[in-house]
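J.: Got a structure for you, written out below as structure tokens; questions coming shortly.
The values are calculated or read from the model by the stated rules, or taken from the named source; none is laboratory data. Values in this document were obtained by computation on a predicted structure and should not be read as measured data. So basically every Cβ, Gly included, is an ideal-geometry build from the backbone, and we count neighbours across all protein chains shown. With ligands, DNA and RNA removed, areas are computed over all heavy atoms of the protein, side chains included. Shrake-Rupley method; radii C 1.70, N 1.55, O 1.52, S 1.80 Å.
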Amino acid sequence: AIWSAWLRHLSPRPVRTKGRVPMVRYLRLSLLRAFDLGFTNLAMAHLNYPAKTMIKSSRVVFTMAAGAIGQKKRYSVAEYVTVCLMAAGLVIFMNADAKTSAIFAPIGIIMLIASLCCDAVVSTNSEQIMKTYDVGQDEFIFHLYTIALVSMGGFTILSGDMARGLSFLLTPGTMAEIE
């Protein structure tokens, strides 16, 4: 974030023809991005890594659905068939993994689906905002992630996770010595 801010001040500023992005739009998308990251991290306690990777790789299904529903985008029949085949493969994998894995709870799947829904809304709205307000990708990402960083940082401070994490990091010794 610091590097992006520094580069932003060095590079010439483009002439804006369509106005500024309202801060409330950045706030909404930043909170959705924070929820996306939070749900993904929380899901790791309930799912194994291969299951998490497979579910997160189905991002295109959720992004396409959000684009079709929220932005009224049109996709070709081939794209719909591809997404349906991907979803079918994911269901088959998840069914097999649920029967063989020790770390596989439905709450983890629900958290990842919530994460993917947040990500899809952010992706489709980001594209629309950048086109509508003539905003470059670097500037947009800088604002989005700066707000998400502040909100997640505030949440970790209020929940006490920041103090526990810093305490752990500042404790000298190895894991075996600490435990």
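J.: May I ask you to verify whether Val121 is outside any helix (DSSP H, G or I) and buried (at least 16 other Cβ atoms within 10 Å of the Cβ)?
T.: Against the criterion (outside any helix (DSSP H, G or I) and buried (at least 16 other Cβ atoms within 10 Å of the Cβ)), Val121 does not qualify.
J.: Report the residue count in the range 98-117 for those that are out of contact with any strand residue (DSSP E or B) (no Cβ under 6 Å at 6 or more places or on another chain) and open to solvent by less than 20 Å² (accessible area, probe 1.4 Å).
T.: 3
J.: Moving on to the next point. What are the residues in the range 25-66 that are over 12 Å from the mean Cα position of the chain (by Cα) and open to solvent by less than 20 Å² (accessible area, probe 1.4 Å), if any?
T.: Matches in the range 25-66: Tyr26, Ala43, Leu47, Ala51, Ile55, Ser58, Met64.
J.: Select from the range 124-156 the residues that are open to solvent by less than 50 Å² (accessible area, probe 1.4 Å) and not in a helix (DSSP H, G or I) and write down the one among them that is farthest from Arg25 (Cα to Cα).
T.: Only one residue fits best here, namely Gly136.
J.: Looking at (1) exposed (fewer than 14 other Cβ atoms within 10 Å of the Cβ); (2) modelled with pLDDT of 85 or more; (3) more than 23 Å from Thr132 (Cβ to Cβ); (4) of a type outside the set (A, V, I, L, M), find the lone condition where Pro22 falls short.
T.: Pro22 satisfies all of (1) exposed (fewer than 14 other Cβ atoms within 10 Å of the Cβ); (2) modelled with pLDDT of 85 or more; (3) more than 23 Å from Thr132 (Cβ to Cβ); (4) of a type outside the set (A, V, I, L, M) except (3).
J.: Also, quick follow-up: Mind checking which pairs have a first residue in the range 75-89 that is in contact (Cβ under 8 Å) with a residue 40 or more places away in the chain and a second that is in a helix (DSSP H, G or I) and β-branched (Val, Ile, Thr), Cβ under 9 Å, 6 or more apart or different chains?
T.: Between residues of the range 75-89 that are in contact (Cβ under 8 Å) with a residue 40 or more places away in the chain and residues that are in a helix (DSSP H, G or I) and β-branched (Val, Ile, Thr), there is no close pair.
Yes/no matrix, rows are residues, columns are (1) of a type in the set (A, V, I, L, M); (2) more than 20 Å from Thr40 (Cβ to Cβ):
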{"residue": "Ser57", "(1), (2)": "no, no"}
{"residue": "Ser76", "(1), (2)": "no, yes"}
{"residue": "Ala87", "(1), (2)": "yes, no"}
{"residue": "Ala105", "(1), (2)": "yes, no"}
